[in-house]
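In what follows, a single structure is set out as structure tokens and then discussed.
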Amino acid sequence: MVIGAGPAGSSAAQAAAQRGTRVLLIDRRQRIGVPVQCAEFVPQWISRYASFSSTCIMQRVEKMVTHLPGCITYEMKSPGYMLDRSLFDKELAASAILSGARISIGTRAVDLSPEGLVVERGSKMETIPSKVFIGADGASSTVARFVGKPPLKTITALQYEIVISEPQNHVDVYFHKDYEGGYGWFFPKGKTANVGVGVVTSKMPQLSTLLGNFLDLLRESKKLQGIQIVSKTGGLIPCEFYEQNLFKNVLLVGDAAGHAHPITGAGIFNAVMSGEIAGRIAAEAIERGDLRYLENYETEWRETFGNSLSYGALKRELLDENWNKSEVLFEELIRKTWIGCKEYYQGRREIPLRFPLPTGRQALPKGEDTPL
Ligand SMILES: Cc1cc2nc3c(=O)[nH]c(=O)nc-3n(C[C@H](O)[C@H](O)[C@H](O)COP(=O)(O)OP(=O)(O)OC[C@H]3O[C@@H](n4cnc5c(N)ncnc54)[C@H](O)[C@@H]3O)c2cc1C
């Protein structure tokens, strides 16, 4: 059984169903993918791992421009897509269903008992047994609480979708001392752009003012002509991860496990990958009648993107420790900790891998840390 039909849950459900396992995918939402809580940028190589049609792509992106105070900018190639995230999520769920999974929307997980998962559907409560439970229920995961994990440290983001007059084929990221632990972004998608600010969750009360100031800055620099908002969203993004993602027959995937990148907050790609790994391994464990096989999930997600996450976590520590130190040069700190600057990667090879790779096995292709 899979709890949560975001990118992680639908990928898990599809991978398990493709192996002939009976899968139930539940989501508390009445409409999969709605509301969108995302800036919608993904690296282009996600298409190797997720099955979605070109209709989900709002526009292509070639590069990322990083803006530091004092008009300093850095450019980096960053081939990717701006998605229609609600359609993307729906297509991934549809692919899972077409592979044989069943779905139940409007169904919220409320408890995990020895008899099964307790769910609330309308005014009814029901207990659903399952051999394996995959917790794909996002950054405020209830399943993580069921297995005794404390909430993860998060970044809180607020975003407006704004009409733009000039199309552009790159994403912009802005750093400012006021955006503590986070950044501002301008991600174009045709006639509109997702414009937002993310900060450490303790600064959440200031978020709306910070976004207002960011919009003023964009207007002053002529990036925005006027401020016509067509939608508003926001949400939490984990910026740390659980070392352990397997608890007897419960697996955590995607944001529920803290698989978003600790620095960029990009989580769609890792959600798809961890979901696929978990679904495939869960199906195989069930087929073999041996739940010890689930241990392979821990090994495989770590081999696939564990080192990129743990390197990001080191940078997150450096960023958080130094953000408010007056003796630390802000620009220097950002250059060392932001993936859009070459200093981020310096010394990476000298740091021992937190999750050593077995001989002959390769981690993600070079560039897995490229933006968002
Ligand atoms: C403002 C913002 C901007 C972002 N921008 C980007 C970006 O540009 N690129 C990028 O890669 N990432 C971005 N992210 C992160 C990205 O959205 C997440 O990493 C990604 O959605 C994780 O996928 P997931 O499947 O793990 O979780 P989610 O997409 O959060 O899906 C979880 C699902 O579980 C369901 N659920 C929750 N609780 C329960 C329950 N108790 N019972 C049943 N169902 C439940 C929810 O309804 C939801 O459908 C952004 C996040 C935010 C908040």
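Considering only segment 88-139, state which residues are part of a strand (DSSP E or B) and under 20 Å from Val272 (Cβ atoms). I'd like the intermediate steps shown before the answer.
Here is the first cut: in segment 88-139, the residues part of a strand (DSSP E or B) are 102-104, 107-113, 116-121, 124-128, 133-135.
Residues satisfying the conditions are Ile103, Phe133, Ile134, Gly135.
In the condition set (1) more than 22 Å from Ala101 (Cβ to Cβ); (2) more than 9 Å from the ligand (Cβ to nearest atom); (3) buried (at least 19 other Cβ atoms within 10 Å of the Cβ), Thr21 is compliant with all but (1). One residue stands out among those in segment 33-85 that are of a type outside the set (Ser, Thr, Tyr) and assigned to a helix (DSSP H, G or I): the one that is farthest from the ligand (Cβ to nearest atom), which is Arg48.
Just to be sure, is Leu152 open to solvent by 30 Å² or more (accessible area, probe 1.4 Å) and either more than 30 Å from Gly20 (Cα to Cα) or touching a helix residue (DSSP H, G or I) at 6+ places or on another chain (Cβ under 7 Å) (or both)?
Considered against the rule, which asks whether it is open to solvent by 30 Å² or more (accessible area, probe 1.4 Å) and either more than 30 Å from Gly20 (Cα to Cα) or touching a helix residue (DSSP H, G or I) at 6+ places or on another chain (Cβ under 7 Å) (or both), Leu152 comes out as no.
I need the full set of residues from segment 230-274 which are part of a loop (DSSP other than H, G, I, E, B), more than 10 Å from the ligand (Cβ to nearest atom) and either touching a Phe, Trp or Tyr at 6+ places or on another chain (Cβ under 6 Å) or among the aromatic types (Phe, Trp, Tyr) (or both), in order please.
Applying the first criterion (part of a loop (DSSP other than H, G, I, E, B)) to segment 230-274 yields 239-245, 248-249, 253, 258-267.
Keeping just the survivors that are more than 10 Å from the ligand (Cβ to nearest atom) gives 239-245, 248-249, 262-263.
Answer for segment 230-274, where residues must be part of a loop (DSSP other than H, G, I, E, B), more than 10 Å from the ligand (Cβ to nearest atom) and either touching a Phe, Trp or Tyr at 6+ places or on another chain (Cβ under 6 Å) or among the aromatic types (Phe, Trp, Tyr) (or both): Phe241, Tyr242.
Sub-6 Å Cβ pairs linking a first residue in segment 111-125 that is under 13 Å from Val147 (Cα atoms) to a second residue that is within 11 Å of the ligand (Cβ to nearest atom) and modelled with pLDDT of 95 or more, at least 6 apart or interchain, are Asp111/Val118; Leu112/Phe146; Leu117/Ala109, ordered by first then second residue. Taking the stated definitions as given, is Thr299 open to solvent by 40 Å² or more (accessible area, probe 1.4 Å), among the β-branched types (Val, Ile, Thr) and assigned to a helix (DSSP H, G or I)? Against the criterion (open to solvent by 40 Å² or more (accessible area, probe 1.4 Å), among the β-branched types (Val, Ile, Thr) and assigned to a helix (DSSP H, G or I)), Thr299 qualifies.
Among the residues that make up segment 310-323, is at least one of them of a type in the set (Ser, Thr, Tyr), open to solvent by less than 40 Å² (accessible area, probe 1.4 Å), more than 24 Å from Arg19 (Cβ to Cβ) and more than 16 Å from the ligand (Cβ to nearest atom)? So far as segment 310-323 goes, yes, one or more of its residues are of a type in the set (Ser, Thr, Tyr), open to solvent by less than 40 Å² (accessible area, probe 1.4 Å), more than 24 Å from Arg19 (Cβ to Cβ) and more than 16 Å from the ligand (Cβ to nearest atom).
The values are calculated or read from the model by the stated rules, or taken from the named source; none is laboratory data. It should be emphasised that the depicted structure is a prediction, and the values quoted were computed from it without experimental measurement. Virtual Cβ from ideal backbone geometry, glycine too; neighbours counted across all protein chains shown. Ligands, DNA and RNA are stripped out before the accessible areas are found, and what is left, the full protein with its side chains, is counted by its heavy atoms. Shrake-Rupley method; radii C 1.70, N 1.55, O 1.52, S 1.80 Å.
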